[in-house]
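**Student:** What follows is a single structure, and I will ask about it in a moment.
The values are calculated or read from the model by the stated rules, or taken from the named source; none is laboratory data. Computed from a prediction, not measured in an experiment: that's the story for all the values here. Virtual Cβ from ideal backbone geometry, glycine too; neighbours counted across all protein chains shown.
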Amino acid sequence: MTRARIALLLLIAAAAAAFYAFDGHQLLRPENLRDVLARVQAHHQSSPLQTGLIFFVVYVAVTGLSLPGAAVMTLVGGAIFGLLWGTVIVSFASTFGATLAFLAARFLLRDWVQARFGEKLKPINEGIAREGALYLFALRLVPAFPFFAVNLLMGLTPIRTATYFWVSQVGMLAGTVAYVYAGAKLGEFQLSAGLLAAFAVVGLLPLIAKKILDLVKARRVYARWTKPARFDRNLVVIGAGSAGLVSAYIAAAIKAKVTLVEKHRMGGDCLYTGCVPSKALLRSAKFVSQARKAKDLGIRTASIEFDFADVMERVQRVIRTIEPHDSIGRYTELGVECVQGEARIVSPWEVEVRTEGGETLRLTTRSIVIAAGARPFVPPIPGIEQMDCLTSDTVWGLRERPARLLVLGGGPIGSELAQAFARLGSQVTQVEMLPRILPREDPEVSEMLRARFAEEGIAVLAGHKAKWFLLENGRKTLVCEHEGRDVRVEFDTLLCAVGRVANTAGYGLEELGIPVTKGRTVETDEFLRTVYPNIYACGDVAGPYQFTHTASHQAWYASVNALLGGLKKFRADYSVIPWATFTDPEVARVGLSETEAKEQGIPYEVSVYGIDDLDRAIADEAAHGMVKVLTAPGSDRILGATIVGEHAGDLVAEYVAAMRHGFGMNKILGTIHIYPTLAEANKYAAGVWKKAHAPQWALRLAESFHAWRRG
Ligand SMILES: Cc1cc2nc3c(=O)[nH]c(=O)nc-3n(C[C@H](O)[C@H](O)[C@H](O)COP(=O)(O)OP(=O)(O)OC[C@H]3O[C@@H](n4cnc5c(N)ncnc54)[C@H](O)[C@@H]3O)c2cc1C
């Protein structure tokens, strides 16, 4: 530390020590305030200029040294000098004091902090360089942010001193006026409507700050665009998958004029390449698997014969059966204008559509919902381009069963498809880089699935990192790394299921400057707004979840906020999000897993009920799996539930309802569940919880009571 820094530090310490030594802090205590006020007011009457100057200097010293009392001094300023002069004196004194504290922090600590934490502070530094004035303005407007903390922390950032000074001066003005006014009224020692209004203004400042910030930000993003005088539509929705269909439907239901643009097929991924085909395929595969286990059900033999192509055709039949639900006809009837073509956002209020017929339409609209979905991610592993890699987009075109299928990816999609193909007769190897499949779930859940996969002949290579692919004399090989050595896997067909990336390119986001997140989804706020307050995003394109039900859930918020946000906006609620992986056994979850609770340091208790004990599961030859519930310690409040077993995705609904509507294990236990059903597993899990929480003293008392009754 340089001498100058040591000297400054000593000076600050000495001044602070003097403040306390001479009882400076006592003067500002409420019980002493009336006395102090009376003395200063008397001095003010005889020499107002001198009093004003002394007050100014003391105020600057207190705030410059970051001593406590700035708020009380502001009230005192109002009481002594009145609204006008009080505001002038306090406003300048507080800005000077704040700037002194800012400069002191900068001089003493900034170089050290930036040298030590520079890398971590990079995003903050960049944010400050871009929008420092705006951040500071927001902090200044909200009196809840401690004045001294803002001064000291801002000193550590790269914001310019001049910017800091004027933004502080302007930003603190509203709060200063309200406090000085309150002080002036307090000086009269009476409760008046004006005084109450002053406190109300202080309370409202955060809201006002937020509104002003929103307006400033909006003005900035819209500055380079010309807004049409009128709009042909209230809403244009881009993409007719799960998110887009629901957005458009909601808009039409509340009588808005809405256009839904789809470049490919109404229904999107879920209908054609996602949920529907995968569940249809799994159903056929399950039948084959059950037939193979006929003996378990007391059937000596059950021979099955099938053609893989017929199974894949059935998948298409299922799609065709569901297709009308998402069709142009149905949505037109519901009041949605459907346009087939590729949409491109050309301004915040205009969408250009290249129709299938080659026509170009320009639609003007008040708001836009982006629901452009996601696509499979194919990792750039050397040699993969020679493998004719299948993905969840293309696998449905297969009509010939792959003899040896390599599934890359141990997540839900990879696991579902690996099991389906294995049951339909492919020899399947599943490769996952992480130590286990379904890595988002608890380890014992992954293990249950791995064990079943092993039983069914699937080679699960977890902890294997794909390094490169080789094509030698028509033979395909993957070389992966496992515990430091190379492992070679030969295969005929590769199916890549390592994740999905949002569609963010090619339809105007870059040109409009709509940012994407690190996870490559469209960046939205809690209302699902992009950086343009009239452009929203939902579904896979926005994340963070990639499910049909979350896409529809978000679509409601996006649509309602886009159409009625001026009146009332709704924050997207992600508090209770369930999901399921439709393998056999199924895995379903809502809320926290045990692993997450540990990672987040959330205290919990666990109740586990083994489904191997459930009458109906035994009768169905499905006696496996568990219901695992996390509760808050000492309470029946549910933090999360994981179910593994037959129809887990259906069973978890009871826990979803409990978490959503705030009822706990006691209520689940007190609900009649039909015997014999799988749903009883939920009640028995609640029973496990209850048993562990039964009051032992009451049971002992009951035991004594019954003994006494027996005589
Ligand atoms: C194999 C698989 C199985 C799955 N299983 C399940 C499951 O069991 N349960 C579940 O909840 N989820 C499941 N999902 C996930 C689910 O399919 C997605 O989360 C859901 O489809 C996302 O809907 P979306 O509307 O956001 O996107 P999408 O359905 O992808 O729709 C986006 C639409 O936008 C269109 N589009 C894009 N750009 C433009 C443009 N510029 N102009 C016009 N149109 C455009 C696209 O053509 C597409 O139709 C599965 C996914 C896969 C791949």
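**Student:** Residue check, Ala240 against (1) in contact (Cβ under 8 Å) with a residue 40 or more places away in the chain; (2) away from the ligand (no atom under 16 Å from the Cβ); (3) in a loop (DSSP other than H, G, I, E, B), all met but one. Which one?
**Tutor:** (2)
**Student:** Here's another thing I want to ask about it. Looking at (1) more than 25 Å from Tyr574 (Cα to Cα); (2) within 16 Å of the ligand (Cβ to nearest atom); (3) aliphatic (A, V, I, L, M); (4) buried (at least 23 other Cβ atoms within 10 Å of the Cβ), which is the only condition Ile458 fails?
**Tutor:** Tallying (1) more than 25 Å from Tyr574 (Cα to Cα); (2) within 16 Å of the ligand (Cβ to nearest atom); (3) aliphatic (A, V, I, L, M); (4) buried (at least 23 other Cβ atoms within 10 Å of the Cβ), Ile458 fails exactly one: (2).
**Student:** Taking only pairs six or more apart or across chains, which ones have beta-carbon atoms under 9 Å, a first residue in segment 1-21 that is over 15 Å from Ser66 (Cβ atoms), and a second residue that is among the hydroxyl-bearing types (Ser, Thr, Tyr) and surrounded by 10 or more Cβ atoms within 10 Å (Cβ to Cβ)?
**Tutor:** No pair meets every condition.
**Student:** List every residue pair whose Cβ atoms sit under 6 Å apart, with the two residues 6 or more apart in sequence or on different chains, where the first one lies in segment 482-493 and is hydroxyl-bearing (Ser, Thr, Tyr) and the second, anywhere, is in a strand (DSSP E or B) and surrounded by 14 or more Cβ atoms within 10 Å (Cβ to Cβ).
**Tutor:** Pairs that qualify, where the first residue is hydroxyl-bearing (Ser, Thr, Tyr) and the partner is in a strand (DSSP E or B) and surrounded by 14 or more Cβ atoms within 10 Å (Cβ to Cβ), are Thr493/Leu405.
**Student:** Moving to a separate point now. With the checklist (1) over 22 Å from Ala562 (Cα atoms); (2) without any contact (Cβ under 8 Å) to a residue 24 or more places away in the chain in hand, flag the one item Arg362 doesn't pass.
**Tutor:** Evaluating Arg362 over (1) over 22 Å from Ala562 (Cα atoms); (2) without any contact (Cβ under 8 Å) to a residue 24 or more places away in the chain leaves (1) as the failure.
Conditions tested, residue by residue: (1) among the charged types (D, E, K, R); (2) surrounded by 24 or more Cβ atoms within 10 Å (Cβ to Cβ).
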| residue | (1), (2) |
| --- | --- |
| Pro228 | no, no |
| Phe231 | no, no |
| Val236 | no, yes |
| Gly241 | no, yes |
| Ala251 | no, yes |
| Leu260 | no, yes |
| Asp269 | yes, yes |
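**Student:** Any residue at all in segment 373-381 that is surrounded by 17 or more Cβ atoms within 10 Å (Cβ to Cβ), under 30 Å from Ala218 (Cβ atoms) and within 14 Å of the ligand (Cβ to nearest atom)?
**Tutor:** yes
**Student:** Here's something else I'd like to know. I want to confirm something. Restricting to segment 324-350 and keeping residues that are among the charged types (D, E, K, R) and within 13 Å of the ligand (Cβ to nearest atom), which single residue is surrounded by the fewest Cβ atoms within 10 Å (Cβ to Cβ)?
**Tutor:** As a first pass, look at segment 324-350 and keep what is among the charged types (D, E, K, R): 326, 330, 333, 337, 342, 344, 350.
From the residues that got through so far, the ones that are within 13 Å of the ligand (Cβ to nearest atom) too are 326, 342, 344.
Values: Asp326: 22, Glu342: 16, Arg344: 18.
This residue is Glu342.
**Student:** Here is a further query. Looking at (1) free of Cβ contacts under 8 Å to residues at least 40 places away in the same chain; (2) near the ligand (Cβ under 8 Å from one of its atoms), find the lone condition where Arg520 falls short.
**Tutor:** (2)
**Student:** I'd like the full set of residues that are among the aromatic types (Phe, Trp, Tyr) and more than 12 Å from Leu260 (Cβ to Cβ), limited to segment 326-356.
**Tutor:** Keep residues of segment 326-356 that are among the aromatic types (Phe, Trp, Tyr), which gives 331, 349.
Selection gives Trp349 alone.
**Student:** Then there's this: Scan segment 382-413 for residues that are of a type in the set (A, V, I, L, M) and away from the ligand (no atom under 16 Å from the Cβ) and jot them down. Give the derivation first.
**Tutor:** Pass one, segment 382-413, residues of a type in the set (A, V, I, L, M): 384, 387, 390, 395, 398, 403, 405-408, 413.
Answer for segment 382-413, where residues must be of a type in the set (A, V, I, L, M) and away from the ligand (no atom under 16 Å from the Cβ): Ile384, Met387, Ala403, Leu406.
**Student:** For Lys476, which of the numbered conditions (1) surrounded by fewer than 19 Cβ atoms within 10 Å (Cβ to Cβ); (2) basic (Lys, Arg); (3) more than 30 Å from Ala551 (Cα to Cα); (4) in contact (Cβ under 8 Å) with a residue 24 or more places away in the chain fails to hold?
**Tutor:** For Lys476, the failing item is (1).
**Student:** Restricting attention to segment 479-491, which residues are under 14 Å from Leu406 (Cα atoms) and surrounded by 14 or more Cβ atoms within 10 Å (Cβ to Cβ)? Walk me through how you get there before you give the answer.
**Tutor:** To start, the set of residues in segment 479-491 that are under 14 Å from Leu406 (Cα atoms) comprises 479-480, 487-491.
Result: Val479, Cys480, Val487, Val489, Phe491.
**Student:** Kindly establish whether Lys217 is under 25 Å from Asn561 (Cα atoms), more than 16 Å from the ligand (Cβ to nearest atom) and within 24 Å of the chain's Cα centre (by Cα). Please lay out each step first, then the result.
**Tutor:** Numbers: under 25 Å from Asn561 (Cα atoms): yes; more than 16 Å from the ligand (Cβ to nearest atom): yes; within 24 Å of the chain's Cα centre (by Cα): yes.
Criteria met by Lys217.
**Student:** Test Gly711 against the criterion of being under 28 Å from Arg440 (Cα atoms) and surrounded by fewer than 18 Cβ atoms within 10 Å (Cβ to Cβ), and give yes or no.
**Tutor:** Working: under 28 Å from Arg440 (Cα atoms): no; surrounded by fewer than 18 Cβ atoms within 10 Å (Cβ to Cβ): yes.
For Gly711, the condition - under 28 Å from Arg440 (Cα atoms) and surrounded by fewer than 18 Cβ atoms within 10 Å (Cβ to Cβ) - is not met.
**Student:** List the residue pairs whose Cβ atoms are under 7 Å apart, where the first residue sits in segment 200-217 and is in a helix (DSSP H, G or I), the second is among the hydrophobic types (A, V, I, L, M, F, W, C) and modelled with pLDDT under 70, and the two are 6 or more positions apart or on different chains.
**Tutor:** If the second residue must be among the hydrophobic types (A, V, I, L, M, F, W, C) and modelled with pLDDT under 70, the pairs left are Pro206/Ala144.
**Student:** From Ala580, Ala572, Ala562, which residue is among the aliphatic types (A, V, I, L, M) and under 21 Å from Glu447 (Cβ atoms)? Walk me through it before giving the result.
**Tutor:** Numbers: Ala572 fails: under 21 Å from Glu447 (Cβ atoms); Ala562 fails: under 21 Å from Glu447 (Cβ atoms).
Sole residue among the options that is among the aliphatic types (A, V, I, L, M) and under 21 Å from Glu447 (Cβ atoms): Ala580.
**Student:** Also, quick follow-up: Please return the ranges of strands (runs of 3 or more DSSP E) entirely within segment 510-629 where 1 or more residues are closer than 30 Å to Lys691 by Cα.
**Tutor:** Details: elements: 535-537, 578-581, 586-591, 605-610.
So the answer is 578-581, 586-591, 605-610.
**Student:** Name the one entry in Thr259, Thr321 that is within 30 Å of the chain's Cα centre (by Cα) and either within 13 Å of the ligand (Cβ to nearest atom) or not aliphatic (A, V, I, L, M) (or both). Walk me through it before giving the result.
**Tutor:** Values: Thr321 fails: within 30 Å of the chain's Cα centre (by Cα).
Criteria check complete, one pass: Thr259.
**Student:** Hey, another quick one. Can you name every residue in segment 116-146 that is more than 26 Å from the chain's Cα centre (by Cα) and either among the β-branched types (Val, Ile, Thr) or not in a helix (DSSP H, G or I) (or both)?
**Tutor:** Pro143, Pro146
**Student:** Pairs, please: C-beta under 6 Å, at least 6 apart or cross-chain, first residue of a type in the set (Phe, Trp, Tyr) and in segment 566-581, second within 15 Å of the ligand (Cβ to nearest atom)?
**Tutor:** From segment 566-581, the pairs are Phe570/Tyr557; Trp579/Phe547.
**Student:** I would also like to ask the following. Would you confirm, using the coordinates I've provided, whether Ala555 is within 12 Å of the ligand (Cβ to nearest atom), among the hydrophobic types (A, V, I, L, M, F, W, C), under 30 Å from Leu282 (Cα atoms) and out of contact with any strand residue (DSSP E or B) (no Cβ under 7 Å at 6 or more places or on another chain)?
**Tutor:** Numbers: within 12 Å of the ligand (Cβ to nearest atom): yes; among the hydrophobic types (A, V, I, L, M, F, W, C): yes; under 30 Å from Leu282 (Cα atoms): yes; out of contact with any strand residue (DSSP E or B) (no Cβ under 7 Å at 6 or more places or on another chain): yes.
So Ala555 passes the test.
**Student:** Moving to a separate point now. Looking at segment 458-505, what strands (runs of 3 or more DSSP E) fall wholly within it and have at least 2 residues that are among the charged types (D, E, K, R) and over 30 Å from Asp540 (Cβ atoms)?
**Tutor:** Working: elements: 459-462, 465-472, 475-482, 485-491, 493-496, 500-502.
Because the criterion is at least 2 residues that are among the charged types (D, E, K, R) and over 30 Å from Asp540 (Cβ atoms), the strands (runs of 3 or more DSSP E) in segment 458-505 that meet it are 475-482, 485-491.
**Student:** Restricting to segment 284-313, and then to whatever is closer than 17 Å to Val395 by Cα and surrounded by fewer than 16 Cβ atoms within 10 Å (Cβ to Cβ), can you tell me which residue is nearest to the ligand (Cβ to nearest atom)?
**Tutor:** Narrowing segment 284-313 to residues closer than 17 Å to Val395 by Cα: 284-285, 307-313.
Now narrow it down to the ones that are surrounded by fewer than 16 Cβ atoms within 10 Å (Cβ to Cβ): 307, 309-310, 313.
On the way: Asp307: 22, Ala309: 20, Asp310: 20, Glu313: 18 Å.
Here the residue is Glu313.
**Student:** Quick test of your reading of the structure: Ile159 fulfils all but one of (1) within 20 Å of Gly64 (Cα to Cα); (2) part of a helix (DSSP H, G or I); (3) touching a helix residue (DSSP H, G or I) at 6+ places or on another chain (Cβ under 8 Å); (4) aliphatic (A, V, I, L, M). Name the failing condition by number.
**Tutor:** (2)
**Student:** Here is a list of conditions, (1) of a type outside the set (D, E, K, R); (2) surrounded by 18 or more Cβ atoms within 10 Å (Cβ to Cβ); (3) out of contact with any His (no Cβ under 8 Å at 6 or more places or on another chain), and Pro123 meets all of them except one; can you say which number that is?
**Tutor:** (2)
**Student:** Residues Val311, Val276: which one is under 30 Å from the mean Cα position of the chain (by Cα) and over 20 Å from Val369 (Cβ atoms)? Even if it seems obvious, please write down each step before you answer.
**Tutor:** Numbers: Val311 fails: under 30 Å from the mean Cα position of the chain (by Cα).
Just one listed residue meets the conditions, Val276.
**Student:** Here's a follow-up. Which count do you get for residues in segment 423-447 that are more than 25 Å from Thr548 (Cβ to Cβ), assigned to a helix (DSSP H, G or I) and among the hydrophobic types (A, V, I, L, M, F, W, C)?
**Tutor:** Total satisfying the criteria: 0.
**Student:** Can you tell me which of Gly78, Gly69, Gly52 is among the small types (Gly, Ala, Ser), surrounded by 21 or more Cβ atoms within 10 Å (Cβ to Cβ) and touching a residue at least 12 places away in the same chain (Cβ under 8 Å)?
**Tutor:** None of the other options fit; the residue is Gly78.
**Student:** Of all residues in segment 661-711, count the ones that are assigned to a helix (DSSP H, G or I) and not aliphatic (A, V, I, L, M).
**Tutor:** So the first thing to find is which residues in segment 661-711 are assigned to a helix (DSSP H, G or I), and the list is 661, 665-669, 680-693, 696-710.
Now narrow it down to the ones that are not aliphatic (A, V, I, L, M): 661, 666-667, 680, 682-684, 687, 689-691, 693, 696-697, 700, 703-706, 708-710.
Of the residues in that region, 22 qualify.
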